[in-house]
Amino acid sequence: MENPSSPNTKTDRRPLLAAGAVLQNRYRILHQLGSGGMGAVYEAVDQRLDATVAIKETFSVDDRLRRQFEQEARLLAQLHHPNLPRVSDYFTEEGRAFLVMQFIAGNDLAQIISQQPGPFPTNQVIAWADQLLDALIYLHTRDRQIIHRDIKPHNLKLTASGQIALLDFGLAKTYSNDHSTTQSAHSVFGFTRRYSPLEQIQDEGTSPRSDIYALGATLYHLLTGIKPPDALARAAGVANSEADPLRPAHEIHRAVGADIAVILNKAMALNAADRFASANEFRDALRRLGRRAFEPREVQSSSRQIESVARPVTPMKNTRPTDPFDSYSILKPEDEVFRVPRANRKPLVFAIAIATILIVITASYPAWLLDSFARVLDSRNANAIKETSGTSSIRRARNEGAATKPAIVKPTPASPTPETNHQNETSKRRARQNKSTASAIKPPPFSIAP
């Protein structure tokens, strides 16, 4: 457990509580979760409610710090946010002060960094940043504003569900947002090098922008894998007209990207006035960056050109980016890309409807249907008989015409006589009469005779 620097702090380092010890006849200690110069944290069981809790002990014997510890308990007891722990009890026993809070399983980010050195995935860190900024917005906009003043990997715990919890409000400062009151803020002096801003290290007063600096320094560490230089070293370099020792994050780890590096540099500005004005503004900057990742390249290039001349960005049609931070999701593409077109089922529905109607009619009027079907068959049989008789008469007429047709007599080379001419004319007239009689009898137009 890393402890913030605090001068002239009186502590009483008594032996840590052993496993099996019981406090207030209610809380049974299971084991120690961590300890440092200012206190220790234990995992315990609330035997009254049969629930696992975390118990924090302070080693300080200074009355002012004891009052601050009690204030932390009262402060956390009023908070209700998914990324903040809840406090359920506060008590003293044998001169030792204890705070009972919600137990959050998992390792803090400092432990994870020690086990797996190196940068974290960029998308994961940005999603954690969105959760933490949401918690800071909740703290900074309360009627009694709360400034955490100790944001660092040691005070961030990763839960099994992937959420980040902000712990340890030992240095938190509170004051009323109602400027009509004259109530002074309550806090103790302390800071953590590499993460605390210059104004906190020099004890010049803190504000919500101090939390913005600390969160920016924490994100810098998670994204690059190295701790940022402390604010005093940076201020000394700038005062000596030297370059700021803080290197842009994308120069250390290229996967971070230049846009994120610019946002981190703004959050970690030495002058508080140059930082983001609020946690909400910080979060909006990261969300705009996340949305831009889904825009086509043409839209990205046009957006950068528009921003370069300080004009408002006009979104193009048919580009509806998905918010990558909805429900703390991590940069997922639009659902429409994976939608499969639905098949047209109208013909199938129409066929089923017709079949259903026919079944209903058949079941309702079986006798009428059978009678109608019989009449249709009778009419078809009668038509077939008529067609057959017509075909037979045509065949008989053709045969009779062929029988009465005289044989053709070839003329002889001899010259014809008057009697022969008369016979030939008579034969021709008979042949013409027979031909006209045969042509007068024609088959019906729709005959199906073979």
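Worth pointing out:
- Any strands (runs of 3 or more DSSP E) falling wholly within the range 131-226 and containing at least 1 residues that are surrounded by fewer than 16 Cβ atoms within 10 Å (Cβ to Cβ), more than 30 Å from the chain's Cα centre (by Cα) and at pLDDT below 90: 144-147, 173-176
- Residues satisfying the stated conditions in the range 53-96, i.e. part of a loop (DSSP other than H, G, I, E, B), under 16 Å from MET38 (Cβ atoms) and open to solvent by 50 Å² or more (accessible area, probe 1.4 Å): VAL61
- Among the residues making up the range 227-249, those that are of a type outside the set (Val, Ile, Thr), assigned to a helix (DSSP H, G or I) and open to solvent by 40 Å² or more (accessible area, probe 1.4 Å) are LEU232, ALA233, ALA236, ALA239.
- Residues (within 26 Å of the chain's Cα centre (by Cα) and without any contact (Cβ under 8 Å) to a residue 60 or more places away in the chain) located in the range 263-285: ILE263, LEU264, GLU281, ASP284, ALA285
The values are calculated or read from the model by the stated rules, or taken from the named source; none is laboratory data. What you see is a predicted model, and the numbers here were worked out from it, not measured in a lab. Positions of Cβ are backbone-derived with ideal geometry, glycine not excepted, and every protein chain shown enters the neighbour counts. These accessible areas exclude ligands, DNA and RNA; they are computed on the full protein's heavy atoms, side chains included. Shrake-Rupley method; radii C 1.70, N 1.55, O 1.52, S 1.80 Å.
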